[in-house]
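Participant: Below are the structure tokens for one structure; questions will follow.
The values are calculated or read from the model by the stated rules, or taken from the named source; none is laboratory data. The model shown is predicted, which means the values in this text are computed figures rather than measured ones. All Cβ positions, even for glycine, are placed from backbone atoms using ideal geometry, and neighbour counts span all protein chains on display. Ligands, DNA and RNA are excluded from the accessible area calculation, which covers all protein heavy atoms including side chains. Shrake-Rupley method; radii C 1.70, N 1.55, O 1.52, S 1.80 Å.
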Amino acid sequence: MEIVQWERQGHVAVITMCNGANRQNLAFAERMSQCFDQILDEQSIQAIVLTSSDEKNFSQGIDVEWLMQKFAAKDYDTIKTFMYAMNTVFTRLLLMPLPVVAAINGHAYGNGAIISCACDFRFMRNDKGFFCFPEVDVNIPFLPGMIAFVKKAIPEALFNEMLLTGKRVTAKELELHNVIISSSENQDELLTQAMNFAGTFNKQRPIFGELKKRKHKEVVRVIEEEDPEFIEPLNLMMK
């Protein structure tokens, strides 16, 4: 089974992360971009829903074990390729000429929460899962681009608290701050709400893409121009 796969449900493409905790490594980033390419080739698809097949996790973020193995092997080129590949995933989500809806069905930690923030809209179940940025506790600082696009999804005061404390928040709290469209009682309701919402869209790709391009112009600039300052010297973790 692919670590990420997608299927068509009517006019909606459902991308499913299906590798347990869905930790992100180079294979994850490359497969995600492949899914984007295939979906964009289907001209009648009008929206995307991103979710997970795991019962408890949306995504636990970066595959730290994989990353540490690459550092130990001094495979620095692969690490850089991974970082740029994830930035490509984030940028493609930001600029996707289709609405992208994250259906957060479990824990979304670190890059798992971050990837949902690159989506246009979010739903989350409230009976299972926390949403948090544990980077402050694991000595992995955000890249400038991450800060830029997470702030589009999370109000400044809440983001400041989450970033600097590592606080875990629930779907109800996220709903209160309009980070998600709504919280759902369970998995079935989550997918129903996300799919129904995605199904309301029937927008032309050129105008939808152009609006997102203009809206996220500064975010994309930060990703492209400021992130390499930290990626190239592999200044990715604090000692």
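Participant: Over the range 11-141, give the accessible area per residue in Å² for a 1.4 Å probe, as an integer.
Facilitator: Dividing the accessible area of the range 11-141 by its residue count gives 34 Å².
Participant: Let me ask something else. Multiply the residue separation of residue 136 and residue 215 by 0.36 nm, subtract the distance between their alpha-carbon atoms, and state the gained length in nm to one decimal.
Facilitator: Between residue 136 and residue 215, full extension yields 25.5 nm more.
Participant: Can you tell me which of 22, 139, 105 moves the most in a GNM of the chain? Springs connect C-alpha atoms under 10 Å apart.
Facilitator: 139
Participant: Straight-line reach from residue 128: which aspartates and glutamates have Cα under 17 Å away, leaving out those fewer than 8 places along the same chain?
Facilitator: Candidates past the 8-residue exclusion: 54, 55, 173, 175, 185, 188, 189.
Participant: For residue 203 and residue 237, compute 0.36 nm times the residue count separating them, minus their Cα-Cα distance, and round to one decimal in nm.
Facilitator: Between residue 203 and residue 237, full extension yields 8.1 nm more.
Participant: Loop-only check: which GluC sites (Glu not before Pro) in the range 121-190 are DSSP coil with at most 15 other Cβ within 10 angstrom?
Facilitator: 185
Participant: Given points 7 Å out from each Cα along the Cα-Cβ axis, report the residue 88 to residue 188 separation in nanometres with one decimal.
Facilitator: Modelled inter-label distance: 4.0 nm.
Participant: Past the 32 angstrom mark, what percentage of all C-alpha to C-alpha distances in the chain do you count?
Facilitator: Summing the P(r) tail past 32 Å for the chain gives 13 percent.
Participant: Projecting each Cα onto the charge dipole of the range 1-158 (Lys/Arg +1, Asp/Glu -1 at the beta carbon, about the Cα centre), which of 69, 25, 96 comes out farthest on the positive side?
Facilitator: Positive-most Cα among the choices belongs to 96.
Participant: Another one. Got a number for the accessible area of residue 44? Probe 1.4 Å, square angstrom, nearest 10.
Facilitator: Its accessible surface works out to 50 Å², give or take rounding.
Participant: On to the next question. About its Cα centre, how strong a charge dipole does the range 136-239 have in debye, to the nearest 20, once Lys and Arg get +1 and Asp and Glu get -1 at the Cβ?
Facilitator: 400
Participant: I'd like the Karplus ³J(HN,Hα) series for the range 128-141: coefficients 6.51, -1.76, 1.60, θ = phi - 60°, whole numbers in Hz, and an x wherever there's a Gly or Pro.
Facilitator: 7, x, 10, 10, 7, 10, x, 4, 5, 9, 10, 6, 10, x
Participant: Give me the dipole magnitude in Debye, nearest 20, for the chain about the Cα centre, with unit charges on the beta carbon: positive for Lys and Arg, negative for Asp and Glu.
Facilitator: The dipole of the chain has a size of about 400 debye.
Participant: Another question, then. Run the simple label-point estimate for residue 178 and residue 157 please: 7 Å along Cα→C-beta, distance reported in nm.
Facilitator: Reported label-point gap for residue 178 and residue 157 is 1.3 nm.
Participant: Of the beta bridges DSSP finds with both residues in the range 24-178, what % are antiparallel, to the nearest 5?
Facilitator: The antiparallel proportion sits near 10 percent.
Participant: Just flag the GluC sites (Glu not before Pro) in the range 1-71 sitting in loop per DSSP whose Cβ has no more than 12 other Cβ atoms within 10 Å.
Facilitator: Loop-located and lightly packed - 42, 55.
Participant: For the range 167-239 and the range 1-72, what is the centre-to-centre distance using only Cα atoms, to the nearest Å?
Facilitator: Using only Cα atoms, the two centres lie 15 Å from each other.
Participant: Once you place label points 7 Å from the Cα toward the Cβ at residue 69 and residue 42, how far apart are they in nm?
Facilitator: Label-label distance for residue 69 and residue 42, simple model: 3.2 nm.
Participant: For the range 90-119, list residues with backbone N below 18 Å from a point placed 7 Å from the Cα of residue 168 toward its Cβ?
Facilitator: Counting backbone N atoms under 18 Å from the label point, the list is 104-114.
Participant: Oh, and also: Determine the share of the range 68-158's accessible area contributed by carbon and sulfur atoms, expressed in whole percent, with a 1.4 angstrom probe.
Facilitator: 57
Participant: With each run of n ≥ 4 DSSP H residues scored as -39500 (n - 2.57), what mean residue ellipticity at 222 nm is computed for the chain after dividing by its residue count and rounding to the nearest 500 deg cm²/dmol?
Facilitator: Roughly -14500 deg cm²/dmol at 222 nm, from the helical runs in the chain.
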